[in-house]
Every structure is written in structure tokens, then in C-alpha cells.
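Below is one structure, written out as C-alpha cells, with a few remarks after it.
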Amino acid sequence: MLIPEQDHSDIWNDQLSIPVLALDIVILTIYKGELCVIIVKTTEWKHQWFALPGGIVSRWYTLEENFDSILERKTGITGVYKEQLYTFWDKIDRDPRSHVIAVSYYALVGIDNFLSKVDFTKVDIVTFPQMQKLRMFYDHAEIAEYARIRLKGKLWYTNIVKELLPKKFRISQMQEMYEIILDRKLDKRNFQKKIFSIGVIKDTGEKDRSTNRPAKLYQFINKRVRVVDML
């Protein structure tokens, strides 16, 4: 849902006696075998900077409504998995324009879904090493890294990886996804034994015939992210 223009404002008022509340979004996806983050270009102070999609929170709307509006307006993406990440407030000078408190979210989107919705006139997709070389707004690189660590941790005790995989996938795709995010190799036999033993995926009865060696396709049994001992 887009917040009506008359209810949305990016106007900064230096006379406000309270901090400005902003919302920043870390969008994570797997692209060309690497964990990537989505950034936008901005030209504050006549210089080109890069930033996470974000904006000032509009009053009389929930944070979820603000999230959906900012995400669609800044990137063209809708309908993603999202979680509130952290509130960045301890650095009162994090934004030189005003005292800004940033509520951050992270969103996960599978690459096929991402490519079908994103407006590339508004965003760029970069790896974390690439992002470190860019002129990023304030603490946005720190916020993105915080999201990467959160995702890495949640792989162990939830089925959250489902939000990055296709609906139907090879077990090798699933292992590769874990290896990309964790940044280390996993033993194939142990990984498959664990995944099959906890009963989070099921055989679809279909096969991926895109290669010379057709492989079984699986899908997650539970459609929602839930707590489960994955690894």
C-alpha cells in the first residue's frame, strides 16, 4: 500500500524539538552465487551517495504500512518477507541534518521474484565487498552488515532460507544457499541427512531436467518461517 502523497513527507524541519523517526530497509537476495544487498542512489549535498531504501516515517500509519510504502516507492518491489531488525539511536550525530532515530528492517526476496518486480532505474544490486567500497550514507553499511549477521544466525534455528529459494528446488540448491550465506562449505552427506531427518521439506515427485542428470525437486512443507533446528 502506498501512503497518499498528502500524508507522506520527506521535509526536514530543524525546529522540531523531538528526534526525526526514519525507516531504513536492508533488502537481501542471492544473485550470481553471492549474497547481495539492494541500494539506491542519492545526490544529497551535490555529491552522489549510495543508501539503503528508506524514508521518514509518516504519522498515523503503522511501521508495517510505512515499510510497504517506502519499499514500493523506492524500489518497485512488493510482497516480501520482512522482519524488524534493530533501532539505531545511540549515535545522535549519525545524520548531520538532524537528530535521526532509524528503525531498520530487513527483507528477503528470491532472485526470480526480485528481477520480475524491481525497477533498475531506481536501484543497484551489489555484494557486501562491493558495498564497502562505495560512498554509503551515514551508518547504512553498518545496518546492512547487521542484517547479514542476523540472517546468518537465523539459518541455524529457523527455515528462513525458504524465502530465498524457489518454491521447488534441488537439495543441492538448498545446500548452496546455506554455503553462500554462511560463507563456508558444508559436508553434503551430513547436510542432507540433517535436512531429511527434521522433516521440513518434501519430495514433489518432479525432477529438474535442466541438466544431463535430472534431480529430484523438493519444497518446504510449512509455508511460513518457523523455529526449527536446521543445522
Quiz item: Which shape class, rounded, prolate or oblate, goes with segment 5-154 when its Cα gyration tensor gives a ≥ b ≥ c as root eigenvalues, a/c under 1.5 marks rounded, and past that a/b bigger than b/c marks prolate?
Solution: prolate
Quiz item: So what's the angle, to the nearest 10 degrees on a 0 to 90 scale, between helix 188-198 and the longest Cα principal axis of the chain?
Solution: 80
Quiz item: Where does helix 140-157 land angle-wise versus the long Cα axis of the chain, in degrees 0 to 90, nearest 10?
Solution: 30
Quiz item: Amide H of V26: which non-local residues (sequence gap of 5 or more, or other chain) have their own amide H closer than 5 Å, using H built in the peptide plane?
Solution: Y105, Y106, A107
Quiz prompt | Amide H partners (placed H, <5 Å) of H99, local residues excluded | solution = V20
Practice problem: Report the antiparallel proportion of the DSSP beta bridges in the chain as a percent, rounded to a multiple of 5. | Solution: 75
Quiz item: Which pairs in the list K167/K202; K117/K216; K193/K216; K74/K168; K167/K216 are over 19 Å apart, alpha-carbon to alpha-carbon?
Solution: K117/K216; K74/K168
Quiz prompt | Per residue Cα convex hull volume in Å³ - calculated over segment 158-220 | solution = 95
Quiz item: Per residue of the chain, what 222 nm ellipticity follows from adding -39500 (n - 2.57) for every DSSP H run with n ≥ 4, rounded to the nearest 500?
Solution: -8500 deg cm²/dmol
Quiz prompt | Candidate lysines - alpha carbon under 24 Å from K91, same-chain residues fewer than 8 apart omitted | solution = K41, K133
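The numbers here are math on the coordinates, done by the rules we state, and not lab data. From a predicted model like this one, the values you see are computed outputs, not experimental measurements.
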